[in-house]
Amino acid sequence: MNISFNWLQDYITIHESPEEIAGRLTMAGLEVEAIRSTRETYANFVVGKVRDVRQHPNADRLTVCDVYDGKQTHTVVCGAPNVATGQKIVFARVGSVVPANGMHVKEVEIRGQKSAGMICSEYELDLGEDHEGILVLSDDAEPGKQFSEYYWNGDVVFEIGITPNRPDCLSHIGVARDIAALYKRPLRIPKIKLSESRKPVKSALTIDIQDKEHCPRYVGRLIEGVTIGESPDWMQRRLKMIGVRPINAVVDVTNYVMMEYGQPLHAFDFDLIHNGKIVVRLANDGEKFVTLDEKERTLTKNNLLICDAKQPVALAGVMGGMNSEINNETTSVLIESAYFAPSSVRHTSRQLGLVTESSYRFERGVDPSRTAEAADRAVQLIQQLTGGTMYRGRVDAYPKKIKPINIPFRNKQVERVLGIAIPASSVKSILKRLGVEVKESKKKGEWRCVVPTYRPDIEREIDLVEEIVRVYGFDNVPAQETAAIRFTADDVRPGIHERIREWFVGAGYNEVVCNSMVPGTWNIFTGKPAVTVNNPQNQDMTDLRTSLIPGMLQVVGHNMNRGNHSLRLYEIGHIFSHDPFPGSKNYIQNYHEGETIAIMLTGARNPEDWSLKDATYDFYDLKGEVESLESKFNLDKIEYNIYNTNSNTLIDEAVGIEFKGISRGYFGKVSKEVLKSFDIEVDVYAAEIDLELFSEFSHVEKKYSEVPKYPPVHRDLAFILDEKVTYHELDQIVRESGQPLVDNVSFFDIYRDDKIGNDKKSIAISLEMLSKEKTLTQPEIEETLSRIVKAVEKNLGGVLRS
Amino acid sequence: MNLDSNSVYETIENVKTDIQTVSSKDELEQFRLKYLVRKGIIQQMFEGIKSASPDERPQLGKALNELRQTAQKLFDEKKQELEQSKTLTRDKLDLTIPGRRRPVGTKHPVTQALDDMTNIFKSMGFAVALGPEIEDDFHNFEALNFPPDHPARDMQDTFFLDQTALLRTHTSPVQVRVMMNQRPPIRHVMPGRVYRNEAISARSYCMFHQLEGLAVDENITFAELKGTLAIFAKKFFGSSVKYVFRPSFFPFTEPSAEMDISCFLCKGKGCRVCKHTGWLEILGCGMVDPNVFKAVGYDPEKVTGYAFGMGIDRTALLLYGIDDIRMLYENDVRLLNQFA
């Protein structure tokens, strides 16, 4: 809401500077987001006098003018056709900045002629559209006077961010009223004196409210014999100052009164209202109506309409219609001032995507007690501005009277909520200043507070507490730096997220954070039914991600384009689907949501180790990372299986991570197809693992098992095995058959060649054997080894390679 | 050549002196040529035995053999020494070249800010609660006292998934879930990702992160809220930070306030970042509205509570001096590596 500092002073006396008032308003909840001073906007714009106009020697359409700016005479080249000697004009001195376009005025040469300054048009001064000719001021304008003083009287505009609960402050009187309360000063509301004719309005106008829920009050006033013309300068300036475009005197008055009282008004050409009758009713489904912006709207039975005897003439509280608009031929005017139900106006405004100054105020709640006063003020101004004769009285249809509400208030609640006791006398004084009437109640310690109708936000005791502290000042509430905390045993497990991140940081990864809204094409890769956004911002954000991997691939692509080729990335984030998936939860019906961890490796394994410069990541690096991560979290029952990539095509040759029979993730080399769609030309390795695996199944309990006292013995064995035998199978057989001496089995080599056969491989393992009781003897070792060799031969068909 | 035992011993001394001066392969070769080759001094001395008297010959022979052995031994030793020193030169430790480094891991700047903030509240007795990012109208709006068809809903541009499901616009629905899951006392912080349908620019993105706080108990007051947040601000932004609470409006708190802190870049003097006001808006807060307590089945006559919520991403930008929010989600590793 734009508020003019000068305009405010019609209603309240202000001695303070604009900055001081702005600060106080901000601290009372009316946040002044910006202060625009005309003295700054129009710095170096002064009233000038054109002393001479000559033809430009080298250009037909240009003139060379001598402009006196109160101090000296400047030579200025001007292109306007209407410039003439003796005119008073607005002169932009060298060094000024043109408000309309931010252009800096400099000394220039135009076709060989020096020009020091500029004679301004309305457009350049941001006062209107006219940029053909220069703005000519009245003769009494005094050269040298600052334009900001001459035209704006040095006015300042506050841009106030009015929160949705404060419709009472969407006007100059409203803001003045709050200042009055804060500074304990009287408020001056304009006295309205009307000179009415003898003709009673009721003889010409009838109002029939058919839906009093949506329209509790409708006031009409008539004025005839008006001539439509421009409104006077003072009104135009006030409207322009707060960003309202002047149209004609009648429309300007309705806007002026709205900005003054906060009451939206509508002016109809009364001659276009059939039978002088206003009917307020709901629209029929499919009913069509053309609004002032020349658009045909299709309505539903939820939209409230203002109609005449024949047809709709306005969309209640939102916008008037083409068919009854004020035009140049209008002579009699019907002023509508109404109270429409906020939810009704909001509904229509949203349904039609039509937000106006009027709908904005109605949906927040206007004051139902000033409906008539605003109509009176409007006809008074119209008469003052355009002449015309007022009908006597007004038609005030008020079928559903809105009374001030009455709230029981316990002063002890102030202390209970704020933690500070404010004396009852101060509380009463604050409430009184805010227009709240405080009455004693029969109950001890309780008052009854009658709240003015312009404050629809105050409905409950707590709202009064809020008002009290708003005026009292949050600053005056002490910051209590102690608290009585009751301990609870919730949340005993330290955050799994933090622990996982610790591991990744220690392991040298960069964490990335990607958007959860992704293009639909990315979700095709995972094959999971994707959740789509009804109102996506653009085509790249239509879906919610079903995997973290595509987003991270985009990050990889982005980095590659910027020369970052070696990447070691992880992300922890939510993924979504319409179908359940391991680790997903179903908070909202039809939607499944879970958290996963993704790892991505590409490029040099360790670019900062010069001895390994050329080593690039491969599958075994990725697998090792996954295994290390899992061993850090004590997930010992993990099984790695071949992952079926039929539905999920992100990864080629993928390994599945299985825990207790449930697939909890997968990893492998990102498929060429997918990489291609991200314009990545190098190998990328990726893993994605359900976070629940870590949060639910990681062994938190730590238990010591005895460290062996006797030295271990190491023996290596190599077996020739069929290709189809997995390492996992070999490992298991060796461990089982090597009991009780085999303590650990580790892989150390794999080897294939023609000598051992086509479908064969040689796997070398290293055994660690030990006993808890004694040092092992050679026969014991030999016995165990031969048992292992036999078991491998029997179960896996493996042959010991000598 | 006149050979006698003296000259043999003299030669031994010479050999010993000479070998000491040898410090290179070439010099060693000179040594060899001087003493050890067929035409070298020692061999020539052997030749001289013939001209010695027969009684002296055995003794001279023995001495000469000793000489030859000594020379050979010294030569071998020197040769080995030189070879060793050659290897050493090749493998010599250069203390000035860089070591072999491992990559340094980083947490995303947003995570860092979020974790730092969360940890401060943990130290003040808050537990951590999390909630879903897909919410419904009830948790995101209605239970938080946003009535249907209320202008307050315009404060948060929402991404809808269907009639009621939506992407949460704030972390406040987690408040509702926490309160519905347990009874007071409650003292929780709730970090998480939220979504707003706002045009993407240097200043705003369609998703960001928030940290929500909630305390509900008997005797919770606005004064305590102020104290809690004041301590938080001092711990997070530095002990010299100044703060101010301004009245504001949120449907789920009454009274509501915004907390501004003195700009930590210009120390309140006014700069580009704080738009020359000297102040930065960092969070919204207030006392839990009785309607919220009613929605979750608490008696507002029995308990009071406070809630606060702050945007992480923008604060992180200010804190780290990043001037475009989109850079946070591009994840250029050259940016990420600055947050080790």
Within chain A, longest stretch free of exposed chymotrypsin sites (Phe, Trp or Tyr not before Pro) [DSSP loop, at most 15 other beta carbons within 10 Å]: A:1-486
Rounded to 10°, Cα long-axis angle of helix A:172-183 versus longest principal axis of chain A: 80
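At a 10 Å Cβ-Cβ cut-off, how would you order A:444, B:62, fewest neighbours first?
By the 10 Å Cβ count, ascending: A:444, B:62.
Which of A:285, A:543 has the fewest other C-beta atoms within 10 Å, and how do the rest follow up to the most?
Starting with the residue having the fewest Cβ neighbours, the order is A:285, A:543.
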In terms of the alpha carbon gyration tensor, root eigenvalues a ≥ b ≥ c, rounded if a/c is under 1.5 and otherwise prolate when a/b exceeds b/c or oblate, the range A:496-697 is oblate
The range A:1-135 - Rg (one decimal) and Dmax (whole number), Cα, Å: 18.9, 62
What is the helix-to-structure angle for B:222-237, meaning the angle in degrees between its Cα long axis and the longest Cα principal axis of chain B, kept from 0 to 90 and rounded to the nearest 10? 20
Name the cysteines of chain B that stand alone by the Cβ rule: no other cysteine Cβ under 4.7 angstrom. B:206, B:285
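I'd like the trypsin sites (Lys or Arg not before Pro) in the range A:619-653 restricted to DSSP loop residues with at most 16 other Cβ atoms within 10 Å, sorted by number.
Of the trypsin sites (Lys or Arg not before Pro), the ones in loops of the range A:619-653 whose Cβ has at most 16 other Cβ atoms within 10 Å are A:637.
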Take every residue in peptide B:129-140, count the Cβ atoms of other chains within 10 Å of its Cβ, and give the average of those counts. 4
Based on alpha-carbon centroids, what's the gap between the range A:184-220 and the range B:287-312 in Å, whole number please? 42
Trypsin sites (Lys or Arg not before Pro) within the range A:216-316: which are DSSP loop residues with at most 11 other Cβ atoms inside 10 Å? A:301
Compute the separation of the alpha-carbon centres of the range B:109-128 and the range B:179-194 and state it in Å as a whole number. 14
Hey, could you grab the Kirkwood Rh for the range A:382-526? Inverse mean 1/r over distinct alpha carbon pairs, Å, one decimal. 22.3
Does the range B:204-259 come out rounded, prolate or oblate, given a ≥ b ≥ c as the square roots of the eigenvalues of its C-alpha gyration tensor, rounded meaning a/c under 1.5 and, failing that, prolate meaning a/b above b/c? oblate
Rg to Rh for the range B:199-340: what is it, with Cα atoms only and Rh by Kirkwood? 1.03
quick shape note, the protein assembly as shown: Cα extents on principal axes in Å, largest first -> 169, 81, 63
Given axes a ≥ b ≥ c from the Cα gyration tensor, I'd like to know whether chain B is rounded (a/c under 1.5), prolate (a/b larger than b/c) or oblate. prolate
Using helices alone, what [θ] at 222 nm do you get for chain A, with -39,500 (n - 2.57) per DSSP H run of 4 or more residues, divided over all residues and rounded to the nearest 500? -7500 deg cm²/dmol
Report the Stokes-Einstein translational diffusion coefficient (µm² s⁻¹, integer) for the range B:5-90, Rh taken as the Kirkwood radius over Cα pairs, at 37 °C with viscosity 0.692 mPa s. 240
Within the range A:656-713, GluC sites (Glu not before Pro) in DSSP loop having at most 15 other beta-carbon neighbours inside 10 Å: A:681, A:701, A:706
Specify the inter-centroid distance of the range A:727-802 and the range B:19-53, based on alpha-carbon positions, in whole Å. 62
Counting Lys and Arg as +1 and Asp and Glu as -1, each charge on the Cβ, what is the dipole of the protein assembly as shown about the Cα centre in debye, to the nearest 20? 2800
Sorted by Cβ density within 10 Å, fewest first, the residues A:725, A:555, B:244, A:513: B:244, A:725, A:513, A:555
Angle check, please: helix A:371-386 long axis (alpha carbons) against the longest principal axis of chain A (alpha carbons), in degrees 0 to 90, nearest 10. 50
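Values quoted throughout were computed directly from the atomic coordinates according to the rules given, and no laboratory measurement underlies them. Nothing here was measured: the structure is a model prediction, and the numbers come from that model. Cβ coordinates were reconstructed from backbone atoms using ideal geometry, including for glycine residues, and neighbour counts include every protein chain displayed.
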